[in-house]
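J.: Okay, here's the structure, questions in a sec.
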Amino acid sequence: MKVNEDRFLKDLHDLREFGAAGVGKGVVRPAFSKDDVAARKWLATRMSEAGLTPHVDPVGNLFGLADGPSLLLGSHSDSQPEGGWLDGALGVIAALEVARASHEASGPKVSVVSFEDEEGRFGVTTGSAVWSGQLPLEEADELTDHAGVTFSAARACFAEMAGDFVDPTRFSGFIEMHIEQGPVLDTANEQIGVVSDIVGIRDMRITCDGQQNHAGTTPMHLRQDAFQALSAFNTAINTRFRNVVTPTTVWTIGHVTLHPNASSIVPGRATFSMQWRDAEVDRLDRLNTIIRETASEIAEKTGLRVRFGPMLGLDPVAMDMRLRTALEQAAKATAPEKWRVMPSGALHDATNVARLMPVAMLFVPSINGISHAFEEDTAEPDLVAGLHVLARAVSNLT
Ligand code: HGY
Ligand code: MN
Ligand code: MN
């Protein structure tokens, strides 16, 4: 097969037009937003033109199906609330180009997917989690975003065009191309990362209830200040984690809401997301225990109450050796001396899909290691190198 670099780059830029925002090549295209739905309709048309049959499932995952058994390629086309133009989009458009080139050359059968809500407006990689059976649809339907909208209400926007879930046994495996979203390849001036495994993640909402009160008249020693509790919690876990974590363990307090969030009111309630990631399930569990014990101790000491929301999570997964070897051989041929095997610190749909079939992943560099930000970008020659590695690996496999 012969992939068309210009067509691939044009499609990538065209997809960015849906939700283009901010400086540089930023994108705002959260799952089920107007721009996300419009982008999926556009993608469906491009899939048809490429000889694939578009199919939307009940949660908004968009497939472009080849006839009969095929290899599945793809990623996601929703974005973070503020995201870049490549996170997810690159894997979908590279998949489209490889499927199209293969169709034109009567090559191996390749299908394409864009999973929905990978970026977790509702959960963690929600669309592929439901498709893979990791998350029952009834449970997903109860999830809410930060504005209180349910997953069930949000996915109704696809009701008219949605069919059934796609039978995964029609696919022999899944390969996801993605930007690295970290500094490793860029710093080393390399072009390709072949992923060895994807880290595990845990994520939950924590709420501290104190006593809302007057900020001028309430003496410091009588306050039940929810922000002070959150602040003490953050300091304490940073200390207590020290003996447990490795240099690759990461944790983030990412979505803080103070109530009522006013200058002259002692905050009565703090709600925040607590997320942690690591390559070992045992360590994820130990961190969970520390988080719960620390929050409960601080709440008790200061007379606050603490509530833990449902904990979402995915365990670490290793990539399939056969698919990974095909990517390694393709990387060696396309970017000799400029590739490596590396773990993924970001989460991907491939984690869920690994429950259904063999999976593998490849990375291209992120300039300055920046992602989940408008500044996210990758040099064009690296985008194109990734496309060639993907196409070569597909050819090697079939
Ligand atoms: O958060 C992640 O790792 C992914 O980009 N959703
Ligand atoms: Mn992504
Ligand atoms: Mn992302």
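J.: Taking Cα atoms of the chain, Rg/Rh with Kirkwood Rh, to two decimals?
T.: That ratio equals 1.01.
J.: Still on this structure, please answer the following. Using the per-residue mean of other Cβ atoms lying within 10 Å as a proxy for protection, in what order, highest first, do the peptides 94-102, 362-370 fall?
T.: 94-102, 362-370
J.: Sticking with this structure for a sec: Which pairs break 29 Å Cα to Cα here: Lys10/Lys34; Lys41/Lys332; Lys2/Lys41; Lys10/Lys41; Lys25/Lys109; Lys41/Lys109?
T.: With Cα atoms farther than 29 Å apart: Lys41/Lys332; Lys25/Lys109.
J.: For the chain, take the longest principal axis of its alpha carbons; what is the angle in degrees between that and the long axis of helix 281-302, to the nearest 10 within 0 to 90?
T.: 20
J.: Return one number: the angle in degrees, 0 to 90 and rounded to the nearest 10, between the long axis of the Cα atoms of helix 5-16 and the longest principal axis of the Cα atoms of the chain.
T.: For helix 5-16, the angle is close to 30 degrees.
J.: Rounded to whole Å and sorted largest first, list the principal axis extents of the Cα atoms in the range 261-345.
T.: 63, 32, 19 Å, listed from the longest principal axis down.
J.: Ser172's amide H: which non-local residues (gap 5+, or another chain) put their own amide H closer than 5 Å, with H modeled 1.01 Å from N in plane and none for Pro or chain starts?
T.: Residues meeting the amide H criterion: Ser70, Leu71, Leu72.
J.: Here's a follow-up. What's the angle, to the nearest 10 degrees (0 to 90), between helix 34-49's Cα axis and the longest principal axis of the chain?
T.: Result, in degrees: 20.
Coordinate-derived values only; no laboratory data. Not measured: the values here are computed from a predicted model. We place every Cβ from the backbone using ideal geometry, glycine too, and count neighbours over all the protein chains shown.
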